[in-house]
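**Q** Structure incoming, see below.
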Amino acid sequence: MIATTRSRKVGFTPLFGFICFLAFPVDNSEVAAADHTNIVIIFADDVGYGDLSCYGATHVSTPNIDRLASQGRRFTDAHSASAVCTPSRYALVTGRYPIRHGNLWAPVFLRTPMVLSPETTTIADVAKSAGYATACIGKWHLGFGTKTPTDWNAPLKPGPLELGFDRYFGMPVVNSHPPFVFVDGHHVVGWTADDPFVYEATAETRIFDEKMGIDQIGGAKAAHAAYDDEQVGTILTEKATTWIKGQKDSPFFLYFATTNIHHPFTPAPRFKGTSQAGPYGDFIHELDWIVGQVMATLDETGMADNTLLIFTSDNGGMLNRGGQAAWRAGHRLNGDLLGFKFDAWEGGHRIPFIARWPGHIEPGTESNSLISNVDLLATTAAVTGQELNTQTGVDSFNLLPALTGPPNTGVRDHLLIAPARRTHLSLRRGDWMFIDAQGHGGFSQTNVGDHGFGGPAAHLFTGHVNSDIESGKIKPDAPKAQLYNLKIDPTQKVNVIREHPQIAAEMRSEMARIREQPTAKHAQSR
């Protein structure tokens, strides 16, 4: 019998033998179902396509992540389903595009209840139904409870523990916004009834550049004191590795969502000054150490050979003040790609994605297969020997053929991508990228030094080139939408929608069909 405490809502069935795995090599599927492969997903925060040395960075050094790539497969056409943190996490956890939730386009903060219903089948449910121990360590950012505003003085329920995770410890919202505390299960660490949280009060917390909302909630002095920004990475890593070491009696699934490298950039003191990209780069160095610690723990426990380890990011790098300083130092957050976090342009959502699975994934390989973080739920089902029904993970595709097959094996040829602005919902189909609006769809402050610096105005700072933009503004005669052939023009220099109006029209219609007929079995695009 499948072990789960939430079987009433789980939308899949166990697979016996290899009947349902004929799309990829039989030996891989048999091992996956029989050996109960562990799964570890390290979901980094705001790590752009150019933020790692194995993706071409020269002002930072990421030897552990580079080693992971040398031992596994590095993807060059991986994307977050959203260029924004909360919607991207929703996609990973549910296997659904954020548009399925309605208004989930922006980050949620301390007053917002949980954006998921406890009845939603999650990636943790999938693993748990196969008998896996499950844990979420790190940044949650999907809300807690059912009330608005969230009552931080009450048990934070429902939360991760009501969504299939056996264990939760981490940062409840985001490291730039309150409350600056840790949550363990349903409770804030250090909270006591005689020292409650108080809305509209100033928190006693360390102040760093780009740390916001300090006066939104205060009180809970002991809880705030238990949280030291410069120790968050160390503490979360210790929690994650300790949990791994304790999993000797059952296979396990770990979703480890780091706060690195979201602003403020607060690496532990030993990492300060170690990069050539300022605090931004130093925070990357701490992230590389975090990944190294997980890898070392898997080695020490003898679990590395039986673990699928995935490293990826929730969206692209952000051109905030720290990002601007790193850029001045010569670091290119998203490589040569156009745009930044929040954008429909490639820099907003094309992300690093590396997978290692000894004996199954060919070491040192590179793949240009189109994949997304929304695909991790269906992949978890495949690895654990289960088949999803048509109502579960409706936008999630099984990545195993792309992971274990020849390097450029395709699993999907279309992907819906949500930036910060709903007007800029976009579709990737084959080599084509269609954006149904002008510009970027993200942050648009216009001055160097602005936290939300981005869009056309930022081109004067970054030197990016796009045919619709001149002198930091969209040209008066620019087309009303955008189409790029990424095979020919990966940096999106030339909008070719006027040369290919029929392709744009087809892609606009296809976006409408995907929205109206949600199913992971949506017909592959022409």
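The values are calculated or read from the model by the stated rules, or taken from the named source; none is laboratory data. Treat the numbers as computed from the prediction; the structure is a model and nothing was measured. Neighbour counts are summed over all protein chains in view; Cβ atoms, including those assigned to glycine, are modelled from backbone coordinates with ideal geometry.
**Q** Only one of (1) among the hydrophobic types (A, V, I, L, M, F, W, C); (2) assigned to a strand (DSSP E or B); (3) not assigned by TED's automatic domain parsing to the domain that holds residue 482 fails for residue 402. Which number is that?
**A** It fails just one condition, (2).
**Q** In region 174-183, is there at least one residue being polar (S, T, N, Q), assigned by TED's automatic domain parsing to the domain that holds residue 395 and out of contact with any strand residue (DSSP E or B) (no Cβ under 6 Å at 6 or more places or on another chain)?
**A** Going residue by residue through region 174-183, those that are polar (S, T, N, Q) are 175-176.
Imposing the further condition that a residue be assigned by TED's automatic domain parsing to the domain that holds residue 395 reduces the set to 175-176.
In the following step, the residues that additionally are out of contact with any strand residue (DSSP E or B) (no Cβ under 6 Å at 6 or more places or on another chain) were identified as 175-176.
Among the residues of region 174-183, at least one is polar (S, T, N, Q), assigned by TED's automatic domain parsing to the domain that holds residue 395 and out of contact with any strand residue (DSSP E or B) (no Cβ under 6 Å at 6 or more places or on another chain), which makes the answer yes.
Residue-wise test of (1) of a type in the set (Lys, Arg); (2) more than 14 Å from residue 172 (Cβ to Cβ); (3) out of contact with any strand residue (DSSP E or B) (no Cβ under 9 Å at 6 or more places or on another chain); (4) modelled with pLDDT under 95.
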position	(1), (2), (3), (4)
64	no, yes, yes, no
75	no, yes, no, no
83	no, yes, no, no
91	no, yes, no, no
105	no, yes, no, yes
129	no, yes, no, no
135	no, yes, no, no
140	no, no, no, no
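**Q** Shifting gears a bit: Can you name the residue in region 35-49 that is part of a loop (DSSP other than H, G, I, E, B) and β-branched (Val, Ile, Thr) and is also nearest to residue 137 (Cα to Cα) among such residues? Steps first, answer last, please.
**A** Start the filter on region 35-49 by keeping residues that are part of a loop (DSSP other than H, G, I, E, B), which leaves 36-37, 45-49.
Narrowing further to those that are β-branched (Val, Ile, Thr): 37, 47.
Values: 37: 20, 47: 18 Å.
By that ranking, first place goes to 47.
**Q** Here is a follow-up. Determine whether region 345-359 contains at least one residue that is closer than 26 Å to residue 424 by Cβ and either among the aliphatic types (A, V, I, L, M) or assigned by TED's automatic domain parsing to the domain that holds residue 493 (or both). Please lay out each step first, then the result.
**A** As a first pass, look at region 345-359 and keep what is closer than 26 Å to residue 424 by Cβ: 345-353.
Subsequent filtering for residues that are either among the aliphatic types (A, V, I, L, M) or assigned by TED's automatic domain parsing to the domain that holds residue 493 (or both) retains 351.
Yes; the residues of region 345-359 include at least one that is closer than 26 Å to residue 424 by Cβ and either among the aliphatic types (A, V, I, L, M) or assigned by TED's automatic domain parsing to the domain that holds residue 493 (or both).
**Q** Sticking with this one: Among the residues of region 265-307, what is the count of those that are in a helix (DSSP H, G or I) and of a type outside the set (Asp, Glu)? Break it down into steps so the answer makes sense when it comes.
**A** Start the filter on region 265-307 by keeping residues that are in a helix (DSSP H, G or I), which leaves 269-271, 278-300, 304-306.
From what is left, the residues that are of a type outside the set (Asp, Glu) are 269-271, 278-281, 283-285, 287, 289-298, 304, 306.
Residues in region 265-307 being in a helix (DSSP H, G or I) and of a type outside the set (Asp, Glu): 23 in total.
**Q** Let me ask something else about it. For residue 291, work out the one condition from (1) at pLDDT below 95; (2) touching a strand residue (DSSP E or B) at 6+ places or on another chain (Cβ under 8 Å) it doesn't fulfil.
**A** Residue 291 satisfies all of (1) at pLDDT below 95; (2) touching a strand residue (DSSP E or B) at 6+ places or on another chain (Cβ under 8 Å) except (1).
**Q** Do the conditions hold for residue 159, that is, is it farther than 22 Å from residue 236 by Cα and not polar (S, T, N, Q)?
**A** On the way: farther than 22 Å from residue 236 by Cα: no; not polar (S, T, N, Q): yes.
Answer is no for this residue.
**Q** OK, next. Give 262, 331 a once-over and let me know the one that is buried (at least 22 other Cβ atoms within 10 Å of the Cβ), part of a loop (DSSP other than H, G, I, E, B) and touching an Asp or Glu at 6+ places or on another chain (Cβ under 6 Å).
**A** On the way: 331 fails: touching an Asp or Glu at 6+ places or on another chain (Cβ under 6 Å).
Among 262, 331, only 262 is buried (at least 22 other Cβ atoms within 10 Å of the Cβ), part of a loop (DSSP other than H, G, I, E, B) and touching an Asp or Glu at 6+ places or on another chain (Cβ under 6 Å).
**Q** So which residues in region 121-133 are within 13 Å of residue 165 (Cβ to Cβ) and surrounded by fewer than 24 Cβ atoms within 10 Å (Cβ to Cβ)?
**A** Listed by number, the list holds a single entry, 133.
**Q** Scan (1) farther than 17 Å from residue 377 by Cα; (2) in contact (Cβ under 8 Å) with a residue 24 or more places away in the chain; (3) touching a Cys at 6+ places or on another chain (Cβ under 8 Å) for the single condition residue 72 breaks and write down its number.
**A** The single condition residue 72 does not satisfy is (3).
**Q** Moving on. Kindly check whether there is at least one residue in region 367-380 that is of a type in the set (Gly, Ala, Ser), part of a loop (DSSP other than H, G, I, E, B) and more than 26 Å from residue 508 (Cβ to Cβ).
**A** Taking region 367-380 first, the residues of a type in the set (Gly, Ala, Ser) are 367, 369, 372, 378.
Next, from what is left, pick out any that are part of a loop (DSSP other than H, G, I, E, B): 369.
Right, trim to more than 26 Å from residue 508 (Cβ to Cβ) and you get none.
There is no residue in region 367-380 that is of a type in the set (Gly, Ala, Ser), part of a loop (DSSP other than H, G, I, E, B) and more than 26 Å from residue 508 (Cβ to Cβ).
The rows are residues; the columns are (1) under 27 Å from residue 232 (Cα atoms); (2) outside any helix (DSSP H, G or I).
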residue: 93; (1), (2): yes, no
residue: 118; (1), (2): no, yes
residue: 128; (1), (2): no, no
residue: 149; (1), (2): yes, yes
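**Q** Which condition breaks for residue 433 when tested against (1) touching an Asp or Glu at 6+ places or on another chain (Cβ under 6 Å); (2) within 17 Å of residue 491 (Cβ to Cβ); (3) of a type outside the set (Ser, Thr, Tyr)?
**A** (1)
**Q** Okay, moving on. When region 296-311 is examined, which residues are found to be under 15 Å from residue 241 (Cβ atoms) and surrounded by 13 or more Cβ atoms within 10 Å (Cβ to Cβ)?
**A** 296, 297, 298, 301, 303, 304, 307, 309
**Q** A further question follows. Would you mind stating whether residue 233 is under 21 Å from the mean Cα position of the chain (by Cα), more than 25 Å from residue 289 (Cα to Cα) and in contact (Cβ under 8 Å) with a residue 40 or more places away in the chain? Full working, then the answer.
**A** On the way: under 21 Å from the mean Cα position of the chain (by Cα): yes; more than 25 Å from residue 289 (Cα to Cα): no; in contact (Cβ under 8 Å) with a residue 40 or more places away in the chain: yes.
Against the criterion (under 21 Å from the mean Cα position of the chain (by Cα), more than 25 Å from residue 289 (Cα to Cα) and in contact (Cβ under 8 Å) with a residue 40 or more places away in the chain), residue 233 does not qualify.
**Q** Which of the numbered conditions does residue 354 fail, given that it passes all the others? Conditions: (1) among the β-branched types (Val, Ile, Thr); (2) part of a strand (DSSP E or B); (3) without any contact (Cβ under 8 Å) to a residue 40 or more places away in the chain.
**A** (3)
**Q** Could you grab me the full set of residues in region 417-431 that are under 22 Å from residue 487 (Cβ atoms) and either free of Cβ contacts under 8 Å to residues at least 60 places away in the same chain or touching a Leu at 6+ places or on another chain (Cβ under 7 Å) (or both)?
**A** Listed by number, the residues that qualify are 427, 428, 431.
**Q** Determine the pairs where a residue that is touching a residue at least 12 places away in the same chain (Cβ under 8 Å) and at positive phi, located within region 295-307, has a partner that is surrounded by fewer than 16 Cβ atoms within 10 Å (Cβ to Cβ) and among the basic types (Lys, Arg) with Cβ atoms under 6 Å apart, the partner being 6 or more residues away or on another chain.
**A** none
**Q** Okay, moving on. Within the group 145, 138, which residue is surrounded by fewer than 22 Cβ atoms within 10 Å (Cβ to Cβ) and at positive phi?
**A** Within the list 145, 138, the selection yields 145.
**Q** Within region 206-253, track down each residue that is of a type in the set (A, V, I, L, M, F, W, C) and farther than 18 Å from residue 43 by Cα.
**A** Listed by number, the residues that qualify are 207, 208, 212, 214, 217, 220, 222, 223, 225, 226.
**Q** Residue pairs, Cβ under 6 Å, 6 or more apart or interchain, first in region 246-269 and more than 22 Å from residue 228 (Cα to Cα), second modelled with pLDDT under 95. List them.
**A** Pairs found: 251/36.
**Q** Mind checking which residues of region 200-256 are under 30 Å from residue 306 (Cα atoms) and of a type in the set (S, T, N, Q)?
**A** Hits for region 200-256 are 234, 237, 241, 242, 247, 250.
**Q** Would you pick out the residues in region 483-526 that are modelled with pLDDT under 95 and among the acidic types (Asp, Glu)?
**A** 516
**Q** Right, something else. Could you list, in sequence order, all residues of region 426-465 that are closer than 29 Å to residue 213 by Cα, aliphatic (A, V, I, L, M) and in a loop (DSSP other than H, G, I, E, B)?
**A** 448
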